[in-house]
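The structure appears right after this line, and notes come after that.
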Amino acid sequence: MTPKYNKIHNRFKLNGLHFNYEDLKEVAYSLIKEGETYEKVTGNFLIDWLNKDDFLYVNTSGSTGKPKVIKLKKQAMVNSAIATGDYFGLEPGDSALDCLPSHYIAGKMMLVRAMILGLEIDCVEPSAHPIFDYEKQYDFCAMIPLQLKHTINYTQNIKTIIVGGSMITKPLLEQIKHSSSKFYETYGMTETVTHVAVRKLESESGKGEKLFNALPDVTFDKDERNCLIINASKLVEESLVTNDIVELTSETSFKLLGRYDNVINSGGVKLFPEQIEKKLQPVIDERFILAGEDDGTLGEKLILIIENPRDSKDSIENRIKHLKGLTKYELPKEIYLIDRFVETVNGKIQRNKTIKKVLG
């Protein structure tokens, strides 16, 4: 029998203590009244979750467009929690670490998974460098790449870590290879109640995967633009058409190529910035993005924007020219420097606003 949103699993623990449905309301009020800033946010979410409504409103981060507020069914969030539990083999009494802000869907869902699956969850401040008990054994945790970058040397006692929210850099992927934990890159969005597909990354626990694989009860299709269509009736009522261009390998697996709205048409050649960015990572230490700039000859020319680099443009350009694996079309025609990227409140790069800031 499928659990319902208005029930709390009897094995659920929050920061080491058991709470039932009514007790949790008191905890929520206490967090709002006496907690730290991040705990007040958690308290507000718990109040929303424990009220009589069968839905709640969730903010999107705004990394691929304007931030907006969307309405989600609580039962869809329960269904997402169950799918994650089934995929990763989470059991009642398993331990979880929550270091994500409860403002957004990823942080909210860590708490929902705990309440529905009966996990024992510890909540810590959701900073760029989360501080937690490095000696304690945890079965499950979700992080953004920036958090994992700062804590990768302290995650040996976390069995499974899912990573999402932004691109995982090659240096971080190399560090992951030498870790004993299991790591998975996630694919999803607020509209799909976090991830609908995951890709195992190479670590000491086993080989990595090239493809994203669907969670239970999720299938994929693509439209005439080669953009992914998500079919997940337990999460969203209608099929969701994305702007993510994919190579669809089956109805449950795909390779992610890039965003349709980021594609650059340079002299009739379609360039996927995200794919070229992966190739450039070994020779650029700082954060950077690729974009298109209007050009009288090519229509659009490929440009590189780097955040506060230590090296000169000439030095960076020289390293790129000697990088193997780049085609002549993938060589940036111009390099721009910027002091700081435009970000969302939770640290994601806002590409369009950053490009506009550079190009005017």
Please say if the range 1-154 is rounded, prolate or oblate, where rounded means a/c under 1.5 for a ≥ b ≥ c the square roots of the C-alpha gyration tensor eigenvalues, and otherwise the choice is prolate for a/b larger than b/c and oblate otherwise? rounded
Computed about the Cα centre, the charge dipole of the range 246-360 from +1 Lys/Arg and -1 Asp/Glu charges at the Cβ has a magnitude in debye, to the nearest 20, of 120
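Is the range 237-360 rounded, prolate or oblate when judged by the Cα gyration tensor, a ≥ b ≥ c being the square roots of its eigenvalues, rounded requiring a/c under 1.5 and prolate requiring a/b larger than b/c?
Prolate, since a/c reaches 1.5 and a/b exceeds b/c.
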The relative contact order of the chain, taking Cα pairs under 8 Å that sit 6 or more residues apart, comes to a percentage of 11
Accessible-area order for Asp23, Asp86, largest to smallest, probe 1.4 angstrom, reads Asp86, Asp23
Considering the range 30-107, what Rg and Dmax in Å follow from its alpha-carbon atoms? 14.1, 39
Tally the DSSP beta bridges in the range 203-360 and give the antiparallel ones as a percent, rounded to 5. 85
Whole Å is fine, so just give me how far the alpha carbon centre of the range 1-68 lies from that of the range 316-360. 39
In nm, the gap between the two label points placed 7 Å beyond Cα toward Cβ at Ser30 and Val283 is 5.8
Over the range 212-273, what relative contact order in percent results from Cα pairs under 8 Å that are six or more residues apart? 26
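Just to verify a number: FRET efficiency for Lys270 and Glu174, C-beta to C-beta distance, R0 = 22 Å, to 0.05?
0.15
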Only bridges whose two residues both fall in the range 14-167 count here: according to DSSP, what percent of them are antiparallel, nearest 5? 30
Over the range 1-144, what is the relative contact order in percent, taking alpha-carbon pairs closer than 8 angstrom and at least six residues apart? 28
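Relative to the present Cα-Cα distance, how much length would full extension add between Ile70 and Asn10 at 0.36 nm per residue of separation?
Computed gain between Ile70 and Asn10 is 18.6 nm.
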Which residues qualify? For Glu120, with a placed amide H closer than 5 Å and at least 5 residues away or on another chain, they are Lys13, Gly93, Asp94, Ser95, Ala96
May I ask you to list the aspartates and glutamates whose Cα is less than 18 Å away from that of Lys25, ignoring any residue fewer than eight positions away on the same chain? Glu34, Glu36, Glu39, Asp48, Asp53, Asp54, Glu120, Asp122
Explain nothing, just compute: Karplus ³J(HN,Hα) = 6.51 cos²θ - 1.76 cosθ + 1.60, θ = phi - 60°, for every residue of the range 304-311 in order, whole Hz, x for Gly and Pro. 10, 10, 10, 8, 6, x, 7, 8
Give me the percent of the accessible area of the chain that comes from carbon and sulfur atoms, probe 1.4 Å, all protein chains in place. 48
Specify whether the C-alpha gyration tensor of the range 133-288 places it in the rounded, prolate or oblate class, a ≥ b ≥ c being the square roots of the eigenvalues: rounded for a/c under 1.5, otherwise prolate if a/b is larger than b/c and oblate if not. oblate
Using helices alone, I'd like the mean residue ellipticity at 222 nm for the chain: each DSSP H run of four-plus residues gives -39500 (n - 2.57), total over residue count, nearest 500. -8000 deg cm²/dmol
What pairs in Lys73/Lys136; Lys177/Lys210; Lys200/Lys333 have C-alpha atoms more than 25 Å from each other? Lys73/Lys136; Lys200/Lys333
Sorted by average packing, counted as other Cβ atoms within 10 angstrom per residue and highest first, what order do 142-153, 310-321 take? 142-153, 310-321
Using a 1.4 angstrom probe on the protein heavy atoms only, line up Met189, Met167, Met110 by accessible area, largest first. Met167, Met189, Met110
Among beta bridges that DSSP assigns inside the chain, antiparallel share in %, nearest 5: 65
Enter the per residue convex hull volume of the chain, computed from alpha-carbon coordinates, in Å³ rounded to the nearest integer. 148
The range 142-178 and the range 221-239: distance between their alpha carbon centers, rounded to Å: 29
Take Lys348, Lys73 and sort them by solvent-accessible surface of the protein heavy atoms, 1.4 Å probe, largest at the top. Lys73, Lys348
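The values are calculated or read from the model by the stated rules, or taken from the named source; none is laboratory data. None of these values were measured; they are calculated from a predicted model. Neighbour counts run over all protein chains shown; Cβ positions are idealised from the backbone, glycine included. Areas reflect the complete protein model, heavy atoms only, side chains present, ligands, DNA and RNA absent. Shrake-Rupley method; radii C 1.70, N 1.55, O 1.52, S 1.80 Å.
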